[in-house]
Amino acid sequence: MSYVNIQERRLPFALRYLGDLMSYRHLCWNLVGSDLRSRFRRSQLGVLWAVIQPLAIALMIAAVWGVLQRSFGYWEFALYVFTGQVAFAFFAEAVQGGQHALLNAGGFLRQARIPFFIFQVRTVASSIMMFMFSFVGVLIFAIGIGHMQTLGPNLLLVPAFLGVAVLFALPIVIIMSVMAALYRDVQHISALFERAIFLISPVMLPREVYLEPQLRFLEYANPIVSFLDLFRDPVMHGRGWDVQDIIVMGAWITGLWAIAMITATSAGRKVIFAL
């Protein structure tokens, strides 16, 4: 056994790390399944709550805000808010759920040398599953109100959006999980940050608002604007992605991954002592 360990230490770090990830991949998927089961345990409606909750909020908001948004009909505006709620909930889960990715895994990490990445991927995988349940609800609702786009190449962008969502959420989870383990004040700051992002994002606000000269900078400074565009364009508007949205999201994803790698590398295994 000691001989094997010595031989493994001679391997490059990247290869050892990939080997560790493969060794614990089953733990990751089992934890994702556990997350989903615990979320809906003893619930009569189960995963339907992933659709009912954002849809109910969208219908209530549309009933009030729809009076002000004269450019939308009631059902169209409800679909607009519904899609915004579903996509923003995925981002919020990355921010809030990411904080607990390592804190809740303290028992595992103190007993075995498990890669942090396993628990960070767990958070994103659980969020993606919830997003997919909600997305089915979006499609059913769109069909029900007669606003479903014709099946075409535009809907092929939905799987691509899932890839973008993972690339966008994973570095956020990495950053939040490390920072929350080292500094407990992060949870209070992030709650304020999340609410601020919600208020300046086109979840309820019409997208046209961001074309105003005073607010045009938010198209670049707030990644959720482009994130929601990439989701709504093929699903709600039946069109392809705008080049600007692709560039903005690409820039944000690149920057977030750079910050995530610096954060994770500088913290290292010191996080264990903070759990």
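The values are calculated or read from the model by the stated rules, or taken from the named source; none is laboratory data. Given the structure is predicted, the values throughout are model-derived calculations rather than measurements. Positions of Cβ are backbone-derived with ideal geometry, glycine not excepted, and every protein chain shown enters the neighbour counts.
Evaluated against (1) assigned to a loop (DSSP other than H, G, I, E, B); (2) loosely packed, with under 12 Cβ neighbours inside 10 Å, L192 falls short on exactly one condition, (1). Set side by side, the residues I262, I253, I272, I246 differ, and just one is among the aliphatic types (A, V, I, L, M), closer than 30 Å to P115 by Cβ, modelled with pLDDT of 85 or more and surrounded by 14 or more Cβ atoms within 10 Å (Cβ to Cβ), which is I253. When the criteria are applied in full, A160 fails the requirement of being more than 12 Å from the chain's Cα centre (by Cα), modelled with pLDDT under 85 and closer than 24 Å to C28 by Cβ. Taking region 196-206 as the range and being under 15 Å from E76 (Cα atoms) and touching a residue at least 24 places away in the same chain (Cβ under 8 Å) as the test, the residues that pass are P202, V203, M204, P206.
Of all residues in region 102-156, those that are farther than 18 Å from R25 by Cβ and outside any helix (DSSP H, G or I) total 9.
Candidates in region 201-212 are the residues that are more than 21 Å from G97 (Cα to Cα) and of a type in the set (A, V, I, L, M, F, W, C); of these, the one that is surrounded by the fewest Cβ atoms within 10 Å (Cβ to Cβ) is L211.
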